[in-house]
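Step one of this worksheet: look at the structure below.
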Amino acid sequence: MRTGARAGGILAVLAVLAVFPLVLQNATVTTIAVDTLIFAAAAVAWNIFSGYSGYISLGHAVFFGTGAYTVGIAARAWQLTGDAVFGLLPLAAAVAAGLAVPLGLIALRVRRHTFVVITIAFFFIAQLTATNLSVTGGSSGILAPSPNWDAATFNNPFYYTALALLVVTTAMSWLIRGSRFGLQLRAIRDDEDRAAGLGVRAMPVKLAAFVISAIVTGMAGGLWFYFIGQAIPQFAFDPLFDLSVVVMAFFGGLGTIAGPLLGALLIEPAQQWLTLQYTNEYLSEILLGALFLAVILGLPRGVIPTGAEKIAMLRARLRSARAAAAAGSPERQPGDQPQEAGTSSRDAGTSAREAGR
Amino acid sequence: MTVMLRAEGVSKAFGGVQALRDCTVEVEQGSIAGLIGPNGSGKTTLFNIVTGYERVDGGDIYLGDSKITNLLPQRVFAAGIGRTFQLTRIFPRLTVMENMLVAAQHTGSKRTRNPLARAGGRADRRRAAELLEFTGIAGHSDALADTLSYGQRKLLELSYVLVADPAIVLLDEPAGGVNPSLIQHIADRIRELNTAGKTFLIVEHNMDFVMGLCGQVTVLDYGTVVAAGPPQIIRSDPRVLDAYLGITEEDDDAGPG
């Protein structure tokens with residue numbers, strides 16, 4: 001029954017997302033929506049690698065930018081326009097994956113903090129490369145072909161492509177989490193050396209997750225590029241990209257399936273809205289930083305795990321209150337009740353943690 | 001009797017410290033062997049070398065007839081050596097069952113596997129559940145490993161090492177820091193597994209535990225083997241008393257009073 005309820009909930013959310021741009025046709029709203037879906041896909045993809053493996057990457061903007069430039073350069077070279085540009089997204093994925101293999105082989109040799117620093121180094125190398133190559137258009141960047149569809153429903157093709165990417169990525173995240181592969185990733189997160197001693201071949205497992213994550217991020221970057229209309233080094237390779245994605249995942253719950261999704265669906269629209277309301281873009285950045293601090297200090301495990309635990313504890317309290325009321329009946333031994341209450345709340349805590357995944 | 005595990009002339013130095021010097025240790029198939037020695041005598045280093053966590057400077061490790069010197073930990077595990085750690089190492093944010101399944105998925109032959117298949121097939125889960133039942137922590141199957149007590153963690157570590165059915169199990173201080181009734185429980189489990197054919201090599205400071213359980217005991221001191229033999233011989237060997245108990249007496253003398 002719980003599975004049924006969950007499936008119903010997922011279908012309801014999908015239905016809302018599917019009709020959203022048909023109901024709300026305001027261009028400002030749909031623009032924010034497209035942006036949100038792209039970032040949600042990126043956040044879920046980031047979580048597949050960093051959330052599950054515990055290796056925090058601050059260099060995923062490399063793949064985002066690579067996807068953007070791949071679509072830009074290929075569209076220019078082959079003079080593609082209109083819908084055909086969407087056909088370049090698999091190419092963006094392939095290039096991002098091709099780049100992720102050597103980068104992963106280098107970075108994944110080191111652990112934790114050193115890994116983070118190396119991913120940041122990759123990020124700066126990528127940004128500087130884009131600025132200095134002629135094929136990427138140097139500091140002036142590269143322009144996307146103008147989409148040729150109707151202005152009234154201009155955002156719709158982007159919206160549905162982004163939605164499809166997000167749905168597929170989330171399904172992948174769900175599939176991976178429950179799989180042997182996902183279990184190996186989470187074992188690596190908890191104790192990589194111990195996992196190796198139990199037969200987990202850590203490098204191929206980590207690399208596979210890194211590449212999968214890069215593939216989606218590259219496609220998100222390619223889509224974003226076509227949507228925005230241009231790529232310049234400081235926006236295609238943007239340090240704020242990684243900060244945003246990390247905050248989204250941490251806010252919702254690192255390593256959970258729904259966490260990064262929830263984080264992106266709340267944070268990205270808020271950021272976009274703030275930027276529109278107060279043309280000073282630094283305000284949203286300052287608030288993003290403040291939110292990051294608040295999450296780390298107040299909700300270190302994220303909204304979803306903490307929330308699920310709170311709900312389960314509340315349920316357990318209700319149950320034990322009911323048990324206490326029933327304890328008045330003659331069949332019960334007086335000694336039974338407190339022990340039972342204790343057990344049930346412990347069970348609840350466990351199942352809550354389970355639910356929070 | 002056939003030798004199952006053999007460390008032959010193993011040497012290992014950390015900087016200027018010679019942790020192991022030309023050290024030879026053998027474990028017979030189907031036995032429970034003990035490895036004792038004062039702190040810093042090289043017991044855990046030998047474990048780390050055998051299981052691939054450290055590389056040897058010299059010497060070789062054999063499992064049966066095959067040389068496994070300097071293999072990576074995952075290969076050593078696949079070859080059939082399971083181990084536990086002195087300070088228990090479990091996966092705290094996985095459930096107890098998931099902890100078991102990490103090791104379970106590497107069992108069996110090299111048949112093609114689907115990495116995206118659900119973790120733990122029915123057979124793996126059944127075997128994991130049986131082992132948890134056997135070690136006595138089956139009731140915690142769905143709890144996060146983080147919530148287990150220290151003794152329960154020791155039992156979980158023992159359980160998940162057994163999931164893959166290794167040929168030999170190396171236990172690093174299975175009784176360390178565990179309450180006396182649980183020590184008995186652990187010793188009984190080891191004895192039962194041994195009766196069923198499992199080979200053990202045990203590092204332990206608890207002399208009663210080692211002497212009561214092991215058929216063969218090797219004594220290390222300053223990285224070299226000073227004695228090897230059945231417990232009753234080891235107990236009275238003057239070199240052992242000197243290396244091991246001698247230090248204990250000095251410690252006692254140095255104490256207050």
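Laid out as a table, the results:
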| read-out | value |
| --- | --- |
| Residue check, B:A138 within 16 Å of the chain's Cα centre (by Cα) and hydrophobic (A, V, I, L, M, F, W, C) | no |
| Meets criteria (within 14 Å of chain A (Cβ to nearest Cβ) and basic (K, R)) for B:R189 | no |
| Test: residue in the stretch B:6-17 that is closer than 25 Å to A:A196 by Cβ, buried (at least 24 other Cβ atoms within 10 Å of the Cβ) and over 17 Å from the mean Cα position of the chain (by Cα) | yes |
| Matching residues, the stretch A:192-207, being part of a helix (DSSP H, G or I), at the interface with chain B (Cβ under 9 Å from one of its Cβ atoms) and buried (at least 18 other Cβ atoms within 10 Å of the Cβ) | A:R194, A:A195, A:A196, A:A202, A:V205 |
| Those residues of the stretch A:150-167 which are without any contact (Cβ under 8 Å) to a residue 60 or more places away in the chain and either within 14 Å of chain B (Cβ to nearest Cβ) or not in a helix (DSSP H, G or I) (or both), in sequence order | A:D150, A:A151 |
| Selected residue (only one of A:G289, A:G259, A:G255, A:G307 is under 23 Å from the mean Cα position of the chain (by Cα) and on the phi > 0 side of the Ramachandran plot) | A:G255 |
| Single residue of A:A75, A:A68 found to be small (G, A, S), in a helix (DSSP H, G or I), closer than 12 Å to A:M219 by Cα and assigned by TED's automatic domain parsing to the domain that holds A:G218 | A:A68 |
| Filter pass, A:A231 being crowded, with 23+ Cβ neighbours inside 10 Å and closer than 26 Å to A:A144 by Cα | yes |
| Residues that are out of contact with any Phe, Trp or Tyr (no Cβ under 8 Å at 6 or more places or on another chain) and either closer than 20 Å to A:G59 by Cβ or more than 9 Å from chain B (Cβ to nearest Cβ) (or both), drawn from the stretch A:173-187 | A:S173, A:W174 |
| Test: B:V163 is more than 18 Å from B:T199 (Cβ to Cβ) and surrounded by 16 or more Cβ atoms within 10 Å (Cβ to Cβ) | no |
| B:Q74 being within 17 Å of the chain's Cα centre (by Cα), surrounded by fewer than 20 Cβ atoms within 10 Å (Cβ to Cβ) and under 17 Å from B:L201 (Cβ atoms) | no |
| Any hit, the stretch B:116-137, residues being in contact with a strand residue (DSSP E or B) (Cβ under 9 Å, 6 or more places away or on another chain), touching a residue at least 40 places away in the same chain (Cβ under 8 Å) and surrounded by fewer than 15 Cβ atoms within 10 Å (Cβ to Cβ) | no |
| Any hit, the stretch A:216-226, residues being part of a helix (DSSP H, G or I), without any contact (Cβ under 8 Å) to a residue 12 or more places away in the chain and not hydrophobic (A, V, I, L, M, F, W, C) | no |
| Qualifying position, being at pLDDT 90 or above, of a type in the set (V, I, T), under 30 Å from A:T136 (Cα atoms) and outside the structural domain of A:D35 (by TED's automatic domain parsing), among A:V216, A:V246 | A:V246 |
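The values are calculated or read from the model by the stated rules, or taken from the named source; none is laboratory data. Given the structure is predicted, the values throughout are model-derived calculations rather than measurements. In this analysis, Cβ positions are derived from the backbone assuming ideal geometry, glycine residues included, and neighbour counts consider all displayed protein chains.
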